[in-house]
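J.: Sharing a structure, written as structure tokens. Questions coming.
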Ligand code: AQP
């Protein structure tokens, strides 16, 4: 019997931060432990071009992200790893799906509006991003899409694309299911009303930050009024965010952390959080320093994965072309 397929990607728009790790990559690692699942993880390089960028830096950002994925434990023996733009069929699938999605739906995407507000160009690429994401998912007939809560609206659009295509041209795609970690959405350290995001570097804790930088950033994270260390996302969103990060990285319930810090000041609590992060991230940073030395090998691992991914996407594209009446 065919195994259920899991697909998810990371956009090389800068260094990975804690939100990317906790919202997405941690789930990839859990999925790849399950031998009953076929995993596909990719570098979403076409998606990265929807934001302002420097072409001379893009290649290095992609290599860094490949090294990040492998250093965090994503295993090419257990998952198919590839670069999105290596699979030309995905862009073709995207074109066919564009005809079953309305323009109004794209214009209503929160991320489109947020990115434009942040100063990104309102390009057709940025507007059409969710259709390409639907193609990333449907080209592999994925059943599950592990992503951060911030991607929920895009996954819903991919589900609509699957349903609409099936309705118009006959049963073709399973309707994919988004897998979200308990609604986990890590917030920016300098403004808890915004998500931690590569495009807002001031509020980011990067996986590659040195111990000194991590401590400095955590110490200067905004906090809320009052002195008590309690989880109260309504009234103390900044502290709730720090407690969430603490809990996720230490694998301990928030209640226990609150108890430990019943009599702590914010300063003491923040230092304890910095200790946890420094400890957890140092192994990853060491592994990455070794892995990134052999760039040729990194490219090879992803090229081999691309060959496998391409064969599957080509099969889907062929089926879609037949069903839509093309040659
Ligand atoms: N703050 C977050 N909390 C939880 N999950 C998050 N993700 C991103 N930010 C958070 C999840 O990380 C995965 C990879 O994201 P991406 O690189 O494809 O792009 P993104 O979601 O747009 O991430 P950024 O950091 O906000 O990048 P920019 O600023 O370039 O747009 C996704 O599964 C995402 O949900």
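J.: In this structure, is residue 156 within 14 Å of the ligand (Cβ to nearest atom) and free of Cβ contacts under 8 Å to residues at least 24 places away in the same chain?
T.: So residue 156 passes the test.
J.: Also: So, in region 180-213, exactly how many residues are touching a residue at least 24 places away in the same chain (Cβ under 8 Å), over 26 Å from residue 146 (Cβ atoms) and either within 16 Å of the ligand (Cβ to nearest atom) or crowded, with 20+ Cβ neighbours inside 10 Å (or both)?
T.: 2
J.: Failed condition for residue 177, given (1) surrounded by fewer than 17 Cβ atoms within 10 Å (Cβ to Cβ); (2) over 30 Å from residue 241 (Cα atoms), with all others met?
T.: So residue 177 meets the others, but not (2).
J.: Whether any residue in region 162-177 is near the ligand (Cβ under 9 Å from one of its atoms), within 17 Å of the chain's Cα centre (by Cα) and within 21 Å of residue 31 (Cα to Cα) is what I want to check.
T.: no
J.: Please find, within region 112-126, the residue that is surrounded by the fewest Cβ atoms within 10 Å (Cβ to Cβ) out of those that are without any contact (Cβ under 8 Å) to a residue 24 or more places away in the chain and touching a helix residue (DSSP H, G or I) at 6+ places or on another chain (Cβ under 8 Å).
T.: Per the stated criteria, the residue is 122.
J.: Further, regarding this structure: Looking only at region 5-44, filter to residues that are over 27 Å from residue 175 (Cβ atoms) and either in a loop (DSSP other than H, G, I, E, B) or in contact with a helix residue (DSSP H, G or I) (Cβ under 7 Å, 6 or more places away or on another chain) (or both); which one of those is nearest to the ligand (Cβ to nearest atom)?
T.: Restricting to residues being over 27 Å from residue 175 (Cβ atoms) and either in a loop (DSSP other than H, G, I, E, B) or in contact with a helix residue (DSSP H, G or I) (Cβ under 7 Å, 6 or more places away or on another chain) (or both), the top hit is 13.
J.: Out of the residues in region 58-111 meeting the condition of being without any contact (Cβ under 8 Å) to a residue 24 or more places away in the chain and under 20 Å from the mean Cα position of the chain (by Cα), tell me which one is nearest to residue 310 (Cα to Cα).
T.: Ranking the candidates gives 59 first.
J.: When the residues of region 214-234 are filtered to those that are touching a residue at least 40 places away in the same chain (Cβ under 8 Å) and assigned to a helix (DSSP H, G or I), which remaining residue is surrounded by the most Cβ atoms within 10 Å (Cβ to Cβ)?
T.: Looking at the filtered set, the residue picked out is 218.
J.: Kindly establish whether residue 244 is near the ligand (Cβ under 10 Å from one of its atoms), out of contact with any strand residue (DSSP E or B) (no Cβ under 7 Å at 6 or more places or on another chain) and not in a loop (DSSP other than H, G, I, E, B).
T.: So residue 244 fits the description; yes.
Quick note: the coordinates plus some simple rules give every number you see, no bench work behind them. This is a predicted model, so every value here is computed, not measured. Note: ideal-geometry Cβ built from the backbone for every residue, glycine included; neighbour counts use all protein chains shown.
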